[in-house]
Amino acid sequence: MHTTILDHVKQGQTMTVENIVSLLTFPEVDSLYQAANECRHNNMGDDIYLRGIIEFSNICIKNCNYCGIRGSNTEIVPYRIPDKDILNTCQKMVDWGYTSVVLQSGEDPFYTTEKLAKLIMVIKETTPLAITLSVGERDEEAYRIWKKAGMDRYLLRFETSDPKLFKACHPDDDLFVRLECLETLRNKGIQVGSGFLIGLPNETLEQLAHDILFCTQLNLDMIGIGPFIAHPNTPFADQPNSFNSDIFYKTIAILRLLNPLAHIPATTAFDAIDPNGRDLVLQRGANVFMPNATPMAYREHYQLYPGKPCITESSDDCAGCVKGRIKRLGRTLGNDAGHSFKNPLR
Ligand code: 5AD
Ligand code: SF4
Ligand code: FES
């Protein structure tokens, strides 16, 4: 029964929520992981693309119930990294062999459309890096101006596709507004990355299966997911993850099989649940790594969840570490910009 569904998914047949639940409870995990790894190899090759992430502000006006830097966490030491330090880091990324920078922050109104447009332009003028922004929900005008300034991609997770669960996690947000943002970005020709949290409090396998199918429906250029990890200074402090870690890895494998041409990063949260987590994800369907490039002094203040790795390492350390990981996995370093495999410009 399971083997038949695995064959069907490999052949690209349409899947139902029931089919996905059945794959998520698939006992022969090795054949699922092997199929996902082969699918990654056949469609995306052996390159691992490095996208250095700079967490440039931890200030956020929102209060997502799971997030360690939510606005009302008064224990957070707020910071904004000066532009010159962001630019310096971008220069170093080129030397480290990264082809792309991700600028991420909380929803921080200090960074107006114009301020970020200027920053994007300077990075474009001074480096060959592809630029991804991840600064939350903004209006159409902002996305248009940033695209014009040189922004290539945008990351905005939908977090969960279940409107009730979304509401239970996001006191300030509406799922439909979030989805409209994703559509606006796509319509502007910006490469779109989105995804979800696995195992939010009281989440069911059916809801997870729906999130998985929803990513395919959105036709994403990149799919970024990670396990929910309870942060002590949040309303979800005492909520355990709804699933065990096998489910996290199976989710990656199924996403790969359903989206052969999407970039899938091995996200940082996988290293928080297992020191080897990101490597395992790279062997189970993922093809992108986002080394932390935030200057070391700020790292401890950007802990969305506890146990985040690389807090006491420098950006140089992470650059060395990631290359060792790629080598040990027998993979190669992607040396082009790593644009979407779905993008006709590629
Ligand atoms: N556990 C795991 N991931 C988290 N994020 C925020 N808080 C947590 C947490 N407690 C993720 C969200 C967000 C991304 C930047 O970090 O999915 O989109
Ligand atoms: Fe702010 Fe993003 Fe954290 Fe929500 S998940 S509180 S928007 S930083
Ligand atoms: Fe940061 Fe390994 S990726 S130390």
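The values are calculated or read from the model by the stated rules, or taken from the named source; none is laboratory data. Small disclaimer: the values here were computed from a predicted structure and weren't measured. Virtual Cβ from ideal backbone geometry, glycine too; neighbours counted across all protein chains shown. For accessibility, only protein heavy atoms count, side chains too; no ligands or nucleic acids. Shrake-Rupley method; radii C 1.70, N 1.55, O 1.52, S 1.80 Å.
Couple of notes before you dig in:
- Filtered by the rule that a residue be open to solvent by 20 Å² or more (accessible area, probe 1.4 Å) and β-branched (V, I, T), region 228-264 gives a lone residue, I229.
- Applying the set (1) part of a helix (DSSP H, G or I); (2) β-branched (V, I, T); (3) over 26 Å from G320 (Cα atoms); (4) open to solvent by 30 Å² or more (accessible area, probe 1.4 Å) to V77 leaves exactly one unmet item: (1).
- The set of residues in region 4-17 being farther than 15 Å from G285 by Cβ and surrounded by 11 or more Cβ atoms within 10 Å (Cβ to Cβ) consists of I5, D7, H8, M15, T16, V17.
- Selection within region 1-42 - of a type outside the set (S, T, Y), farther than 16 Å from L208 by Cβ and outside any helix (DSSP H, G or I): M1, Q11, G12, Q13, P27, E28
- One residue alone among A149, A117, A142 is within 16 Å of ligand 2 (Cβ to nearest atom), touching a helix residue (DSSP H, G or I) at 6+ places or on another chain (Cβ under 6 Å) and more than 24 Å from G334 (Cα to Cα), and that residue is A142.
- Selection from region 270-302 of residues that are aliphatic (A, V, I, L, M) and open to solvent by less than 10 Å² (accessible area, probe 1.4 Å): V281, L282, A286, V288, A293
- Within region 22-73, restricting attention to residues that are crowded, with 19+ Cβ neighbours inside 10 Å and among the β-branched types (V, I, T), the residue that is nearest to ligand 1 (Cβ to nearest atom) is I69.
- So I53, is it under 30 Å from I131 (Cα atoms), out of contact with any Cys (no Cβ under 7 Å at 6 or more places or on another chain) and not basic (K, R): yes
- Boolean, V102 is aliphatic (A, V, I, L, M), touching a residue at least 12 places away in the same chain (Cβ under 8 Å), closer than 25 Å to D221 by Cβ and away from ligand 3 (no atom under 16 Å from the Cβ): no
- Criterion (at pLDDT 95 or above, within 16 Å of ligand 3 (Cβ to nearest atom) and of a type outside the set (D, E, K, R)) met by exactly one of M44, M93: M93
- Per the listing I86, I54, the residue uniquely in contact (Cβ under 8 Å) with a residue 24 or more places away in the chain and away from ligand 3 (no atom under 16 Å from the Cβ) is I86.
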